[in-house]
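Remarks on the structure that follows.
The values are calculated or read from the model by the stated rules, or taken from the named source; none is laboratory data. These figures come from a predicted structure and were not determined experimentally. Here the Cβ positions follow ideal geometry from the backbone for every residue, glycine too, while neighbour counts run over all protein chains shown.
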Amino acid sequence: MSEHALGLLVDLQAVYCAGAFVSCIIIACTIIDAHLQDIEGADGGMQATFAISSYQKELEWLRMRRNRLVHFKTTTTPAISVDDHWHNRTAHEENAAKAIKLVAGVLFENLLV
């Protein structure tokens, strides 16, 4: 694992333990992008980078979820709001857990046993 991805992984653990589940999505996506670029030699945007993984379908979900959280469009309902943190907390926690499992899967998918 690259030093960059490992450093971000430590932060992912901290934000999950703090209950910052929305941040977990953003950091998980960044960890996978860093790992695939640093270790696997991927080049290009996040979509192209994620295409080299056997988890491509799951990574597309993560990328789209992250984009919805990060890139707000005034023509759509916000992906997150203050009230949403409380009313949809369970869903955010489930998404964070899914993202963390995906990080683990991608980090170790090409590990020789």
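Figures for the structure shown
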| quantity | calculated |
| --- | --- |
| Hits in the range 15-71 (condition: at pLDDT 90 or above, under 15 Å from Gly105 (Cα atoms) and charged (D, E, K, R)) | Asp33, Lys57, Glu58, Glu60 |
| Pairs where the first residue, in the range 73-98, is over 13 Å from Cys24 (Cα atoms) and the second is among the aliphatic types (A, V, I, L, M), C-beta under 7 Å, 6+ apart | Ala79/Leu69; Ile80/Val22; Ile80/Leu69 |
| Residues located in the range 51-70, provided they are polar (S, T, N, Q) and either assigned to a helix (DSSP H, G or I) or exposed (fewer than 14 other Cβ atoms within 10 Å of the Cβ) (or both) | Ser54, Gln56, Asn67 |
| Residue match in the range 91-109 (condition: at pLDDT 90 or above, loosely packed, with under 11 Cβ neighbours inside 10 Å and within 14 Å of Val22 (Cα to Cα)) | no |
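Matching residues to (1) in a loop (DSSP other than H, G, I, E, B); (2) surrounded by fewer than 18 Cβ atoms within 10 Å (Cβ to Cβ):
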site: His4; (1), (2): no, yes
site: Tyr16; (1), (2): no, no
site: Ala28; (1), (2): no, no
site: Gly41; (1), (2): yes, yes
site: Thr49; (1), (2): no, no
site: Thr75; (1), (2): yes, yes
site: Ala79; (1), (2): yes, yes
